[in-house]
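One structure is given below, encoded as structure tokens.
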Amino acid sequence: MKNANRREFLKRALLGCAAFLSLGYFIKRENGSFFRGFYASSAAGGHSFGGAEKAKGNEAMYYVALDRNRIRCELCYRTCNISEGRRGFCKNRENRRGKLYNVVYGKPSAVHIDPIEKEPQHHMLPGTNMICIGTAGCNFRCLQCHNWHLSQRSIEEIGRYHNYTPQDIVDSAIKQGVPTISSTYNEPTVFYEYVLDIAKLAKKADLRILWHSNGYMKPEPLKELLHYTDAVTIDLKGFSQRAYDNSAAQLEPVLVTLKTIKESNTWLEIVNLVIPTINDSTQEIREMCEWIRDELSEEVPLHFSRFFPNYKLTNLSPTPIETLERAYDTARDIGLHYVTVGNVPGHRYNSTFCPKCNDILIRRVHFNVTQNNITDGNCASCGHNIPGIWT
Amino acid sequence: MKKKVILAVIIMGFSGLVAQIILLRELMIAFHGNELSIGIVLANWLLLEAAGAFFLGRKISQAKKKLAWFIFVTILFSLLFITAVYLTRVFKEFLPVMPGEGLGIIPMFYVSFIILFPVSLLHGALFTSGCKLYFVFSSPEKTLASEDKLSAFSIARVYIFETLGTIAGGIILTYLLIPYLHSFEIALIITLLNIGICAFLLEPFWKPRTPAITKTGSFLSISLLLFILYLLFSASANQLHLFSVQQQWKHQNLVHYKNSNYGNIVVVERENEYTFFSDGMPVITSPNPDIVYIEEFVHFTMLSHPAPENVLILSGGAGGVINEILKYDVKRIDYAEVDPLMPAIIKEFSTLLTERELKDKRVNIKEVDGRFFLKRTPNKYDVIFSGFTDPSTLQTNRFFTKEFYTLANNKLACNGILVIGIPGSLTYISPELADMNAMVYNTLQTIYPYVRIIPGDGINFYLASRSPEVEEIGHAEMIERLSAHELQLKLVTPGYLEYRMHPRWLEWFYDQMKGSTEIINSDFRPLGVFYSLVYWNEKFSPTFNHFFKRIENLNIYFVALIISVLSVLFLTISSRTRNPLKPALTLCIFSTGFAGMLFDLILIFAFQVLYGYIFYWLGLLVTAFMAGVMVGGMWMAAHIKKADTGMPALIKLEIVIISFALLLPFVFINAGNLLVYTWFDYTLRIVFLILSFISGILVGAEFPLANNEYMKISADLGGTAGLLYSADLMGGWLGGIIGAVILLPVLGLVETTFIVILFKISSLFTLIILSKR
């Protein structure tokens, strides 16, 4: 009798395993993003943090109260439904008794001075520095995240942060003679209120505001922030859902964001990390460039960056140089005026060239500007007007 | 007929070892190859084999048609082995992971469990079933007085012959199979062998008057034999291999795939860029390498030295580093790369970059372990580049210890610089990353008076020297030297040097390092492995972070307490059972399995530390251990046959094991210093072999003895064999999984040996107390 039961159990267990595996196989084949989305959201900051030091924070903006003290956050396209005591996917927005709080407000974990080319921003104050700030958390889960220490962690897990009010940041920029403040490293959307308050103060002090985002901010908060923004760099992960599976997100909302930014006349630059086998096909790059030309403008600068294995995406080869050069050629053929290749020090395409006369406008070696041939916003050789923020 | 069973058992041992090693190697390509992943796979194998021996094996040995079942399970095992190899290549298809994504602890665990499950389980069952088979075919002899004595003898004999098969498997795999054949060919050979022996076992049944079933069975196995031969000689095995490899490297153009004894090397080509993967991880990209890493690694160092002429590179030279060094007026570049396959494959898929590097007359490639070379070289170097970026295994940790730094210091010329790169950041340094960096920094500071840190966006560089210049030099002098050497570099320009050498990065770095560990990494207490594991874990399985933090504070008193409490518990529970001697004997074997695994691990580890990664010597050590097991088993089996040795003998054996464990650390601790004498060097190697052999004897002798004692109080041969064999495996499982990952790194060699001693003492006491009842 005992043997029979054991056998039954084993049989059922094995069948269960087989079913699970084949289910996984088919789901993956049909709709990879579903599974990854499921997997990713279970890795979200869904649980609340008890224990000693619970981070306090400012009340958040852009949320809707629901029944039973639940909240729907309306800041980004994830529109998380957050129950009491829990946080959204980004691990930064916490529901306390029906009110939403931003737990990282005033608590940046990384504050540095970097060259503006590092953003990348090629048409804004070349050769100058910016103060970069970043906090914990992110609303994406990119497998190749360069700053995963910050973005894939909650502030409690990180443990270390500065206490800087928005005024502190602005004062620091003025004191060190740095003209621009940039919200980067992780994702500015997830520390929105902090970015906004810094931006408002910075504008009063005549400083520039820049931020680097994945484009998932919803139109309303986006438009409000754009009032105080000088320039934005948007990371376009690719032009297919497969590329966005890598980040557990979707492509379409990012395209909406890009259009919104362009319509607001804020200076926009786009960066695309070219990852072999994921988003490097000629067709995908072509579609992306055509969309940028048609829906935005051929004057929006596009950067192709070389990928190196990082974080969890460890078993791929680095991007071949020819892939990047092919992407560059495709973009130029389609008609985009300003295309650069990044993360390949010493490459010719790291520099910016005049679309009319082909003379070199800004000579760059990695993040270092060695030559600037733009006078009064025009090409020094042929006088063609070069869009950007030059002063 | 008995002889045929013996041959079948030998082949069973042979197949088991080959299956285990091949599947482990294949899984390492898909996992990360750090100490934890090796531990998880080996642990799963042992666990499943134990389960197979205990549950399945017992059932089979109680069945009616024992021979038929044995043959069936053998053939099934072989075919499932081939399937398992295939699965190791394609399993990522079934997981919710992107191609190129690495795996964390939990996926590694269940993937290896599921893949190994059928193979290992069946193999374990074969042991128990083999014991029963041997017993059944021994009855006609009637040379022994009682049946239980015969049973015990059968188990002993099977154990010995299985070990013999294992030894043969190890040698043949290392020297004949891996260098020339790929995994599918090897799996097919195993299947061929097993089917052949099954046909051989069935020979008495080929005569016409036997029932139809066994006749069909023998015909089936022989025709299967022919069919498999066909597969081997036709290209099908290759096709399967190529197909599965293409699945493993989906969307990538695989141009080369080769195994060496050190690992697997794959070359992928994409748009004229060649990437070389070592065990699934990209290591070299040619002709366009990671310029940021390579230029910083080489030029920050070379520019810190007034006139570097003699350079040594320990691993990671080809693919850019040598090329950059050649831009200076160097006289010689020695490059030590332990796997001879890597330079060979680089030559085969050479690009302009690698050709320039390897054909230059000033470059000497030494196909030898880096530390081994460093110890014996009479040269003094101006710069030593250590290309290892991560102390993730016991093997690579040897390049991050104070003993290594001392060795390097002895081979540095007066202004000489040693440069090391480990993971770092210019944005944010997490506590785990800080601990790893602090460990390296603290260890360097114990040997070198001047250590300069250059924090980087990805890799932090540490430049260590006896000369203060390395710390004092600023970007201005480096820029001067840059132009003096007339260097045209892509990344390292005067502007870049000014940016990177700015003191604000160092100030920020020190601030981030506040509160991090003060530990030093040494050869015999390889904490680097632990910290590297914690950092890796932070990336892939952050849920385990709390667990690892607790382990860091592990100390021996706590473990001793746990062992004592558990033994008291065990004692009380087992003294209530009907026959308390049974659990006592099981514990005895379990703890010896644990001890044996740890002895093996410690000896290999100590040898690597003192001599380096000399693959063939390490193979010899393992072979010596297994030979010891065999000899110990044989001697004890013969002894049992002659006279009833009984409990006192077992107790004496336990005491000998404990004494051996006490002796072990003393051999290694001061050996390092004495190794400068050549006579001592060779003597010590022999000592290592002898110690391995002795530890094998101790483990091997106990198994038959314990079985003998157990059979006196139990009538069930299959049950006894199954139980004690699986106890042995489970002891090995425990030792394997916590030994390499927790005990050795965190507690160190000496304290780990104490743990073994404590555990054995507790088992001895349990045995003594319970045997008196």
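Residue count for segment A:283-299 under the criterion of being farther than 21 Å from residue A:348 by Cβ and among the β-branched types (Val, Ile, Thr): the result is 1. Of the set (1) crowded, with 16+ Cβ neighbours inside 10 Å; (2) in a loop (DSSP other than H, G, I, E, B), all apply to residue B:577 but (1). Can you name the residue in segment A:319-366 that is open to solvent by less than 40 Å² (accessible area, probe 1.4 Å), without any contact (Cβ under 8 Å) to a residue 40 or more places away in the chain and closer than 30 Å to residue B:29 by Cβ and is also nearest to the other protein chains (Cβ to nearest Cβ) among such residues? Looking at the filtered set, the residue picked out is A:321. Note on segment B:675-720: residues that are hydroxyl-bearing (Ser, Thr, Tyr) and crowded, with 23+ Cβ neighbours inside 10 Å amount to 4.
Residues that are within 14 Å of another protein chain (Cβ to nearest Cβ) and in contact with a strand residue (DSSP E or B) (Cβ under 9 Å, 6 or more places away or on another chain): does segment B:540-549 have at least one? No, the conditions are met nowhere in segment B:540-549. From the list B:531, B:535, the one residue that fits, being at pLDDT 90 or above, crowded, with 16+ Cβ neighbours inside 10 Å and within 14 Å of chain A (Cβ to nearest Cβ), is B:535. Before we move on, is residue A:236 on the phi < 0 side of the Ramachandran plot, out of contact with any strand residue (DSSP E or B) (no Cβ under 9 Å at 6 or more places or on another chain), surrounded by 19 or more Cβ atoms within 10 Å (Cβ to Cβ) and modelled with pLDDT of 95 or more? The answer is no for residue A:236. From the list B:294, B:284, the lone residue that is in a strand (DSSP E or B) and either under 18 Å from residue B:316 (Cα atoms) or within 10 Å of chain A (Cβ to nearest Cβ) (or both) is B:284.
The residues of segment A:250-290 that are under 30 Å from residue B:254 (Cα atoms) and under 14 Å from the mean Cα position of the chain (by Cα), listed by number, are A:271, A:272, A:273.
Matching residues to (1) at pLDDT 95 or above; (2) farther than 25 Å from residue B:101 by Cα; (3) basic (Lys, Arg):
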| residue | (1), (2), (3) |
| --- | --- |
| A:273 | yes, no, no |
| A:278 | no, no, no |
| A:287 | yes, yes, no |
| A:299 | yes, yes, no |
| A:302 | yes, yes, no |
| A:309 | no, no, no |
| A:314 | no, no, no |
| A:317 | no, no, no |
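Note on segment B:404-447: residues that are in a loop (DSSP other than H, G, I, E, B) and open to solvent by 30 Å² or more (accessible area, probe 1.4 Å) total 1.
One residue stands out in segment A:245-265 among those that are at pLDDT below 95 and surrounded by 19 or more Cβ atoms within 10 Å (Cβ to Cβ): the one that is nearest to residue A:77 (Cα to Cα), namely A:249.
Filtering segment A:367-382 to residues that are among the small types (Gly, Ala, Ser) and either open to solvent by less than 20 Å² (accessible area, probe 1.4 Å) or at pLDDT 95 or above (or both) leaves only A:377.
Table: residues versus (1) outside any helix (DSSP H, G or I); (2) modelled with pLDDT of 90 or more.
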{"position": "B:590", "(1), (2)": "no, yes"}
{"position": "B:595", "(1), (2)": "no, yes"}
{"position": "B:604", "(1), (2)": "no, no"}
{"position": "B:608", "(1), (2)": "no, no"}
{"position": "B:613", "(1), (2)": "yes, no"}
{"position": "B:619", "(1), (2)": "no, no"}
{"position": "B:637", "(1), (2)": "no, no"}
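Here's the yes/no breakdown for (1) touching a strand residue (DSSP E or B) at 6+ places or on another chain (Cβ under 6 Å); (2) at pLDDT 75 or above; (3) surrounded by fewer than 20 Cβ atoms within 10 Å (Cβ to Cβ):
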{"residue": "B:209", "(1), (2), (3)": "no, no, yes"}
{"residue": "B:213", "(1), (2), (3)": "no, no, yes"}
{"residue": "B:221", "(1), (2), (3)": "no, no, no"}
{"residue": "B:229", "(1), (2), (3)": "no, yes, yes"}
{"residue": "B:239", "(1), (2), (3)": "no, yes, yes"}
{"residue": "B:265", "(1), (2), (3)": "yes, yes, no"}
{"residue": "B:279", "(1), (2), (3)": "yes, yes, yes"}
{"residue": "B:282", "(1), (2), (3)": "yes, yes, no"}
{"residue": "B:286", "(1), (2), (3)": "yes, yes, no"}
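Among the residues of segment B:385-429 satisfying the criterion of being under 22 Å from the mean Cα position of the chain (by Cα) and within 14 Å of chain A (Cβ to nearest Cβ), which is farthest from residue A:108 (Cα to Cα)? The selected residue is B:392.
Only one entry in B:418, B:433, B:394, B:407 is more than 21 Å from residue B:338 (Cα to Cα) and of a type in the set (A, V, I, L, M), namely B:433.
Scanning segment B:448-475 for residues that are in a strand (DSSP E or B), open to solvent by 10 Å² or more (accessible area, probe 1.4 Å) and out of contact with any Leu (no Cβ under 8 Å at 6 or more places or on another chain) gives B:450, B:459.
In the condition set (1) modelled with pLDDT under 85; (2) touching a Cys at 6+ places or on another chain (Cβ under 8 Å), residue B:654 is compliant with all but (1). Given the criteria touching a Phe, Trp or Tyr at 6+ places or on another chain (Cβ under 8 Å) and part of a loop (DSSP other than H, G, I, E, B), does residue A:340 qualify? In short, no.
Restricting the search to helices (runs of 4 or more DSSP H) fully inside segment A:187-293 and requiring at least 3 residues that are hydrophobic (A, V, I, L, M, F, W, C) gives A:192-204, A:219-226, A:252-263, A:282-291.
Within segment A:217-248, being of a type outside the set (D, E, K, R), more than 13 Å from chain B (Cβ to nearest Cβ) and under 12 Å from the mean Cα position of the chain (by Cα) holds for A:217, A:232, A:233, A:234, A:236. Residues that are polar (S, T, N, Q) and surrounded by fewer than 22 Cβ atoms within 10 Å (Cβ to Cβ) within segment B:65-85 comprise just one, B:83. The number of residues in segment B:744-757 being open to solvent by 10 Å² or more (accessible area, probe 1.4 Å), hydrophobic (A, V, I, L, M, F, W, C) and within 20 Å of residue B:519 (Cβ to Cβ) comes to 2. Residues in segment B:76-114 that are aromatic (Phe, Trp, Tyr) and within 13 Å of chain A (Cβ to nearest Cβ): B:91, B:94, B:110, B:113.
Among residues belonging to segment A:157-187 that are open to solvent by 50 Å² or more (accessible area, probe 1.4 Å), out of contact with any Pro (no Cβ under 7 Å at 6 or more places or on another chain) and within 12 Å of another protein chain (Cβ to nearest Cβ), point out the one that is farthest from residue B:546 (Cα to Cα). Here the residue is A:176.
The helices (runs of 4 or more DSSP H) falling completely within segment B:14-131 that include 3 or more residues that are over 22 Å from residue B:392 (Cα atoms) and polar (S, T, N, Q) map to B:66-90. Restricting attention to segment A:301-318, the residues that are hydroxyl-bearing (Ser, Thr, Tyr), in contact with a strand residue (DSSP E or B) (Cβ under 7 Å, 6 or more places away or on another chain) and facing chain B (nearest Cβ under 7 Å) total 2.
The values are calculated or read from the model by the stated rules, or taken from the named source; none is laboratory data. Quick caveat: nothing in here was measured; it's all calculated off a predicted structure. Positions of Cβ are generated from backbone atoms using ideal geometry, with glycine treated the same way; all protein chains shown enter the neighbour counts. Side chains are part of the model used for accessible areas, which takes the heavy atoms of the whole protein and leaves out ligands, DNA and RNA. Shrake-Rupley method; radii C 1.70, N 1.55, O 1.52, S 1.80 Å.
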